[in-house]
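Asker: Below: one structure in C-alpha cells.
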Number of protein chains: 2
Amino acid sequence: MKHEFPNGREILARLAPVRGGGVPDPDARRIFALVAWSVLVEPGDGVAGRLVAGLGPEEALQCVVARRLDASAADAAGVTPAEFTAGIARWSPRLDVREVATALDTAARARIRLLVPGDPEWPALVDDLGAHAPLCLWVRGNLTALAGAEPAVALVGARAATGYGEHVAMEFGAELAGRGVTVVSGAAYGIDGMAHRATLAAGGRTLALLAGGVDRPYPAGHANLLERIASSGAVVSEVPCGGAPTKWRFLMRNRLIAALGSATVVVEAGWRSGSLNTAGHAATLGRPLGAVPGPVTSAASAGCHRLLREFDARCVTSVDDVMELLGATLSGRLDAREAGGPTSDDTRVLDALSVRAWRETADVARRSGLGIAEVEGILGVLSLDGTALRDERGWRRTATTM
Amino acid sequence: MKHEFPNGREILARLAPVRGGGVPDPDARRIFALVAWSVLVEPGDGVAGRLVAGLGPEEALQCVVARRLDASAADAAGVTPAEFTAGIARWSPRLDVREVATALDTAARARIRLLVPGDPEWPALVDDLGAHAPLCLWVRGNLTALAGAEPAVALVGARAATGYGEHVAMEFGAELAGRGVTVVSGAAYGIDGMAHRATLAAGGRTLALLAGGVDRPYPAGHANLLERIASSGAVVSEVPCGGAPTKWRFLMRNRLIAALGSATVVVEAGWRSGSLNTAGHAATLGRPLGAVPGPVTSAASAGCHRLLREFDARCVTSVDDVMELLGATLSGRLDAREAGGPTSDDTRVLDALSVRAWRETADVARRSGLGIAEVEGILGVLSLDGTALRDERGWRRTATTM
C-alpha cells in the first residue's frame, strides 16, 4: 500500500466523527480496513466479499498489500489463485491509504455516518446478498431508519414516467407511509422521486440509495429532495464520499434497493428500463416482486408487463396488493421465529455449513446426511431467516448464528 | 310426452330444411330426439348429458317419457335415481312434442341449420365440456366456420368498455383476422361487438355465440352486425329458435365461447363482469387464459387484473402474446398427433375407460394397472386430444375413438 497504514491513535481520530464518537480499540482497525476495502473495490465485488468474509477485513487487506494468498487462506475464503490475481489487478491502482483518509475526512465534513456489519443499525437484509453484500454503508440522515424495525418496500420505476405512473407512485407512497411502511427508492427523476416525495408528504419514512457518494446529491435537481429525505429517513450509498455515480454503480445500487425492501414493486418501466435490473435483483434474492400494470398502448408500462409475463411478477393494483406481497415475506420470517428456532434437520444443515467456505447444495446434503431436495427446502428457510447465505458458489452460514 | 311422437315420414320432412336436404333414415330419429332434448333441457344440464351419452338420445328420451330408469340404464349413464327424479321434475313441464316441431319449423323459416354430434362440421372442441357439452347447435351462417379448421380465439370483455378497451379489441380483432385466426365472441355491446366488427372489417372470420335462439338478434342494436357475422362466419346457439336469452343461458353461453376458442383472452372487464365467467370456463377446460392489463385506476380493467392475480391468467399485451397462448394449445395437440398416435400406456388407459360410464381416476388406475399419477398425466393428454372426456363424476372415452 502506498504510504504507511496510520497508527492506532490516528485511526481512532479519523473514525470518531463518522462513528459518532469514540471507537473501541479492537474494532477500530477492522472498521478502518473495511473503509479501505470500500475504497479499493467497486460495489458487489464477489472476490473481495469472499476474502473479507473468509479472512476478516484486516487479514484480507494484508493479503492484498502483500499480493500473496497462501493455500489455507485461499481455501478458507473460497478464492482461487486466478481470482486473487485478477482481483489484485483490479484493486492495486487504488491501493493508496491517502484515499481512505480522504473518504473519511470528506464524510466527516459532510456529517456523514459510517455503518459496518455488526453495528446495531446495520440492515440485516443486505446480508442476503452474500459475497455481494456491501462492505460498509455511508449514511446521510438517521441511522435508525436503516435498522429495519419497520417493514420496507422498494418502490421503483422509470425516469421517463407518465402522468399515470406518477399518480400511482404518489398514491402508493402516501398510503404506504400511512401504514408505517418505509419506502426505499433510488431518488431518480420520475417514479422514484414521486415515491419519495409522496412518502415524505404523508409524514412517512423513506430511504434513498445513491450510486455515487452521499455527499454528492444526484440527480442535482433533487438536492433539495435528498436533504428532506435525510432529515427524516436516510440517504445511503456503499460508495465512499466523493465517488461518482457510474453506470456500474447504478446497477449495483439497484441490488441494494432490492435487498433493503422486503418486496419490490415496479410502478412504471420501459422495455429496457433500469428498474428491471432492480426487479431482477429482487427475484434473485427470492423477494416478492410486483409490477403495476398499465395500458398496453403505453411504452412506459411495457417493462412492467414484461415482468408479469416473463418474470412471474405479481400484478399489483393497490397498496393492499403491496401489503399482501410484503406479508408473504414477513409472515415467512415470523413463522420461522414463532416456531421457536431451528428444527433438528435445520441444525443438521447448519452443522454442515461453514462460516468461511461456500459449499454446494450436494456437498451440504452429503455432510448433513439429508436428501438434496430436503436440504434445498431447509436452506431456503434458513436464507429467509438470514441464517444461511447463498452465492453462486453455494451456501455458507452467517458468523453470528449458533 | 304430450301428443304422439311423429312418424318416420313426418320426422324426415321436418328435419330436411334444417339439415340441408335428405336425412338418412337411421339418423333421423336420433337427430329428432336430440332436438327434443334441446327443447326439454336448459343448456349444460349434466344429468341430461349423461343420460344422452350413456343411453343414446332416443333411449334416454323414452326413459323420460316413461318416467322410468331401470338399474342397468342408470348404471350405464351414471345417473342416480334421485338425479333422474329431479331431472324429470325439471323436464316434464316441457314434455310436448309440438314444441319440437315449432323449434324445427321456426328454424326452417329463418334458414337456420342444425348441427348434431357426429356431423363433419360439429366443433369437436365443445366435446371437452363432457356431460355439459351441447346436445345440438343451431347455426345461422356457414356451418364450415364451426368445423375448427382454423385456430380460434375467444376474445371477450365488458359491455361497459372504455375507449382504451375498444381500441385494444379493435387492434386484436383486426390482427387476428390477418393471421387467419377465427375470433369467437358473444355479440354484446362493448368489447364483444368491437372484436366482431374489427375481424369482419379485416376480412376475417368470426363466430357469435348467443344466449337465446339465433333467430332472435340479441342485443337488438346488433341485428345488423349479427347479419354480417352470419354472412362470412356463423351465429350459433344451443337454445332452439324462439328461446329467450335468460341469465342462466348467458352463463352457459359463456362456456361455449370458452370451449370454441383454443384460448380465451379478456380485453376489459369490471370486477364482477360476466367475462370472468367465460374466463372461469376456459380455466376449467384447461384452455390457456389471457387478460389484457390496463390502468389500475380504471374500473373497466379491474376484472382483468383480478384474472392476472387470482386466476394466474397470462398478461397479454399484443397479438403476438395471443398467438403464443394459442401456440401452447395447438402445439400440445400437434405434438400428440406427430408422435404417431397413442403409446402402449395410452392404450391401457383407453381400455380402462368406458364409452358410457364415467369412471374415477382411481378406478381407471386399477383397471389399467398403472399408477394414479401416471394415469392422471395420460388422461390429461387424452383429454387434450378429445379422446377422453372429463366430468365431475370422472372420465369416459369418446365413442369415436379406437
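Read the figures in this text as sums done on the coordinates, not as results from a lab. Model, not experiment: these values are computed from the prediction. Every residue, glycine among them, receives a Cβ derived from its backbone with ideal geometry; neighbour counts consider all protein chains shown.
Asker: Could you work out the local net charge near B:Ile229, counting Lys and Arg as +1, Asp and Glu as -1, over the other residues with Cβ closer than 13 Å to its Cβ?
Answerer: With Lys, Arg at +1 and Asp, Glu at -1, the neighbours total +2.
Asker: Starting from the exponent 0.38 and prefactor 2.2 Å, build the expected Rg for the protein assembly as shown from its residue count and divide its actual Cα Rg by it.
Answerer: 1.22
Asker: How big is the dipole moment of segment B:174-330 about its Cα centre under a simple scheme where the beta carbon of each Lys and Arg is +1, that of each Asp and Glu is -1, and everything else is neutral? Debye, nearest 20, please.
Answerer: Around 340 debye, computed over segment B:174-330.
Asker: Another question about this same structure. For segment B:98-137 and segment A:152-217, what is the centre-to-centre distance using only Cα atoms, to the nearest Å?
Answerer: Cα centroid to Cα centroid, the span is 59 Å.
Asker: How far apart, in nm, are two points set 7 Å out from the Cα along the Cα-to-Cβ line at B:Trp248 and at A:Tyr189?
Answerer: It is 6.2 nm.
Asker: Restricting the count to DSSP beta bridges whose residues both fall in the protein assembly as shown, what percent are antiparallel, rounded to a multiple of 5?
Answerer: Approximately 40 percent, going by the DSSP bridge assignments.
Asker: In debye, nearest 20, what is the charge dipole magnitude of the protein assembly as shown about its Cα centre with +1 on Lys and Arg Cβ and -1 on Asp and Glu Cβ, if you could check?
Answerer: 1120 debye
Asker: Tally Lys/Arg at +1 and Asp/Glu at -1 over every other residue whose Cβ is under 10 Å from the Cβ of B:Pro245; what's the total?
Answerer: Local net charge: +4.
Asker: Let me ask something else. Other chains near A:304-311: what is the mean number of their Cβ atoms within 10 Å of each residue's Cβ?
Answerer: 4
Asker: Let me ask you something else. From the residues A:Ala208, B:Leu225, A:Gly148, which one has its Cα farthest along the dipole of the protein assembly as shown in the positive direction, the dipole being from +1 and -1 charges on Cβ of Lys/Arg and Asp/Glu about the Cα centre?
Answerer: Farthest along the dipole direction, towards plus: B:Leu225.
Asker: Let me ask something additional. Between B:Arg109 and the same site in the other copies, what are the distances in nm, shortest first, taking label points 7 Å from Cα along the C-beta direction?
Answerer: 9.8
Asker: Here is a further query. Lys and Arg at +1, Asp and Glu at -1: add these up for the other residues within a Cβ distance under 15 Å of A:Ala198 and post the number.
Answerer: Charge balance near A:Ala198 sits at -1.
Asker: Classify segment B:126-333 as rounded, prolate or oblate, taking a ≥ b ≥ c as the square roots of the eigenvalues of its Cα gyration tensor: rounded when a/c is under 1.5, otherwise prolate if a/b is larger than b/c and oblate if not.
Answerer: It is rounded, given that a/c, with a ≥ b ≥ c, falls under 1.5.
Asker: While we're on this one: Compute the distance in nm between two label points, each set 7 Å from the Cα along the Cα-to-Cβ direction, one at B:Asn7 and one at B:Ala89.
Answerer: Going from the B:Asn7 label point to the B:Ala89 one covers 4.0 nm.
Asker: Among the DSSP beta bridges whose two residues both lie in chain B, what percent are antiparallel, rounded to the nearest 5?
Answerer: Given both bridge residues lie in chain B, the antiparallel proportion sits at roughly 40 percent.
Asker: Right, next: For the peptides A:203-209, B:278-284, what is the packing order when you average, over each peptide's residues, the other Cβ atoms within 10 Å and list the highest mean first?
Answerer: The most tightly packed comes first, giving A:203-209, B:278-284.
Asker: While we're here: Efficiency by 1/(1 + (r/R0)^6): what FRET value for B:Ser318 and A:Arg393, r their Cβ-Cβ distance, R0 = 45 Å, to the nearest 0.05?
Answerer: E between B:Ser318 and A:Arg393, to the nearest 0.05, is 0.65.
Asker: Taking 41 Å as R0, compute the FRET efficiency from the Cβ-Cβ separation of A:Asp75 and A:Arg272 and round it to 0.05.
Answerer: Computed FRET efficiency for A:Asp75 and A:Arg272 comes out at 0.50.
Asker: Compute the distance in nm between two label points, each set 7 Å from the Cα along the Cα-to-Cβ direction, one at A:Ala362 and one at A:Glu374.
Answerer: 1.9 nm
Asker: Per DSSP helix of 4 or more residues, -39500 (n - 2.57); summed, then divided by the residues of chain B. What does that give at 222 nm, rounded to the nearest 500?
Answerer: Mean residue ellipticity, 222 nm, calculated: -15000 deg cm²/dmol.
Asker: Next question, about the same structure. Starting with the highest mean, order B:58-65, A:211-218, B:182-189 by the number of other Cβ atoms within 10 Å, averaged over the residues of each peptide.
Answerer: By packing density, highest mean first, the sequence is B:182-189, A:211-218, B:58-65.
Asker: Could I ask something else about it? GNM, chain A, Cα, under 10 Å: largest mean-square fluctuation among A:Ala89, A:Ala300, A:Ala154?
Answerer: Fluctuation is largest for A:Ala89.
Asker: May I pose another question? Could you work out the mean count of beta carbons from other protein chains within 10 Å of each residue's beta carbon in A:292-301?
Answerer: Average neighbour count from other chains, rounded to a whole number: 6.
Asker: Comparing A:Ala108, A:Ala313, A:Ala201, which has the greatest mean-square fluctuation in the GNM of chain A with Cα pairs linked when under 10 Å apart?
Answerer: Answer for the Gaussian network model of chain A: A:Ala201.
Asker: Also, I was wondering about something else. Residue farthest toward the positive end of the dipole of chain A, with Cβ of Lys/Arg at +1 and Asp/Glu at -1: which of A:Asn277, A:Ala110, A:Leu353?
Answerer: Farthest towards the positive end: A:Ala110.
Asker: Could you calculate the contour length gain from B:Asp351 to B:Arg98, that is, 0.36 nm times the residue separation minus the distance between their Cα atoms, to one decimal place in nm?
Answerer: 86.8 nm
Asker: Additional query: With chain B treated as a Gaussian network of Cα nodes joined by springs under 10 Å, which of B:Gly165, B:Gly78, B:Gly22 yields the largest mean-square fluctuation?
Answerer: Sorting by GNM fluctuation, first place goes to B:Gly22.
Asker: Return, for the Cα atoms of chain A, the radius of gyration and Dmax in Å, separated by a comma.
Answerer: Values for chain A (Cα only, Rg and Dmax): 21.1, 63 Å.
Asker: Rounded to the nearest Å, what's the spacing between the alpha carbon centres of segment B:1-53 and segment A:239-316? Just the number, please.
Answerer: The distance from the Cα centre of segment B:1-53 to that of segment A:239-316 comes to 61 Å.
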